[in-house]
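Below: the structure, in structure tokens.
The values are calculated or read from the model by the stated rules, or taken from the named source; none is laboratory data. Since the model is a prediction, treat every value here as computed from it, not as a measurement. Note that each Cβ is placed from the backbone with ideal geometry, even for glycine, and that neighbours are counted across all protein chains shown.
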Amino acid sequence: MRFDPVDLRLFLAVLEHGSLGRGAGDVHLAPASASERIAGMESALGAALLRRHRRGVEPTAAGEALARHARLILGQMEQMRGELLGYARGLKGSVRLLTNTAAMAQTLPPRLCRFLARHPDLSIDMEEKSSADIVLDLAQDKAELGVVADIADFSLLQTHVLAHDHLLVAAGPGHRLAGQASVTFAAIAGEAFVGVADAALQSHLDMRAARLGRRLHYRIRLKEMQDVAQLVEAGVGIAIVSSAAKARMSGRPGLAFLPLDEPWARRTLHLCARDFGVLSVPAALLAQGLQDSGVEPN
């Protein structure tokens, strides 16, 4: 039984799209050629790999087993290629890094700056996703490294703590909360909010509100923290932000920041991988570089 790397990449692409035609396009093969390759794999194995139906295809039990091995084999081949290229012409390469919104906006930029300055021949392909989607992609070998908040279930991954964070309530100078030392979520769930463009955080807050039988009222959602600060200071609403984001709301001395007095308001950012021991050389260097910066305090 001999499957070449093109066969394996084709099979994984077909599973990802649920379509033989779209999978073939991903690996630059004609549909007829892709169909012939899949048929050859099934013949060599002596078992069907795909179950075909009107909406496309899905793997059989044998297909699921092949997919697991294919990801491992292709991952090891990519690791080998990266290491050998590094020896051949000096360390060069690119690392795909998935990150949630909070880490992309606050924790990662200074660490990545130091890492890229230290390794001029390495580059980073960074993509923003929710923590839950990052965990899923890492488990499926779609990326080597990810940064997630501890609101996601990453029990199947290996992790290192990167930073701690505490959620704060930002209120304008005339707001009733401005003079308080801290506040509970139940006490503010009925307030008007200025939403922050952090999808994972907003989903988490909405879930917490639903548990109280409430629904948060967002008057507007904004991406830039300076814009959030401006509207909060004007009394449009309050905002829930990370302690790391507080510095980016500077220049508004009238704002009051109160700790959100809830156990779940303390978040931890984790660097995750399926297995840190088998990372490619560039990914291993990036993982070490991110950890060398130390764990950020609350």
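Brief remarks follow.
- Condition met for residue 270 (modelled with pLDDT of 95 or more and either exposed (fewer than 14 other Cβ atoms within 10 Å of the Cβ) or closer than 30 Å to residue 117 by Cβ (or both)): no
- Residue satisfying all of: in the range 240-251; among the small types (Gly, Ala, Ser) and surrounded by 14 or more Cβ atoms within 10 Å (Cβ to Cβ); modelled with the highest pLDDT among these: 242
- Any hit, the range 155-174, residues being more than 21 Å from residue 246 (Cα to Cα), among the polar types (S, T, N, Q) and either surrounded by 13 or more Cβ atoms within 10 Å (Cβ to Cβ) or touching a strand residue (DSSP E or B) at 6+ places or on another chain (Cβ under 6 Å) (or both): yes
- Any hit, the range 253-267, residues being among the small types (Gly, Ala, Ser) and in contact with a Ser or Thr (Cβ under 8 Å, 6 or more places away or on another chain): no
- For the range 193-226, the candidate set comprises residues that are under 23 Å from residue 134 (Cβ atoms) and among the small types (Gly, Ala, Ser); within that set, the residue that is modelled with the lowest pLDDT is 199.
- Of all the listed residues (237, 254, 190), the sole one being small (Gly, Ala, Ser), more than 25 Å from residue 109 (Cα to Cα), modelled with pLDDT of 90 or more and touching an Asp or Glu at 6+ places or on another chain (Cβ under 8 Å) is 237.
- Hits in the range 40-60 - residues which are part of a helix (DSSP H, G or I) and either surrounded by 14 or more Cβ atoms within 10 Å (Cβ to Cβ) or not assigned by TED's automatic domain parsing to the domain that holds residue 19 (or both): 41, 42, 45
- Condition check for residue 171: more than 22 Å from residue 148 (Cα to Cα) and in contact with a His (Cβ under 7 Å, 6 or more places away or on another chain): no
- Qualifying residue in the range 201-210 (condition: assigned by TED's automatic domain parsing to the domain that holds residue 264, farther than 21 Å from residue 254 by Cα, surrounded by 19 or more Cβ atoms within 10 Å (Cβ to Cβ) and among the acidic types (Asp, Glu)): no
- Between 163, 170, 152, the distinction of being within 13 Å of the chain's Cα centre (by Cα), among the aliphatic types (A, V, I, L, M) and assigned by TED's automatic domain parsing to the domain that holds residue 258 belongs to 152 only.
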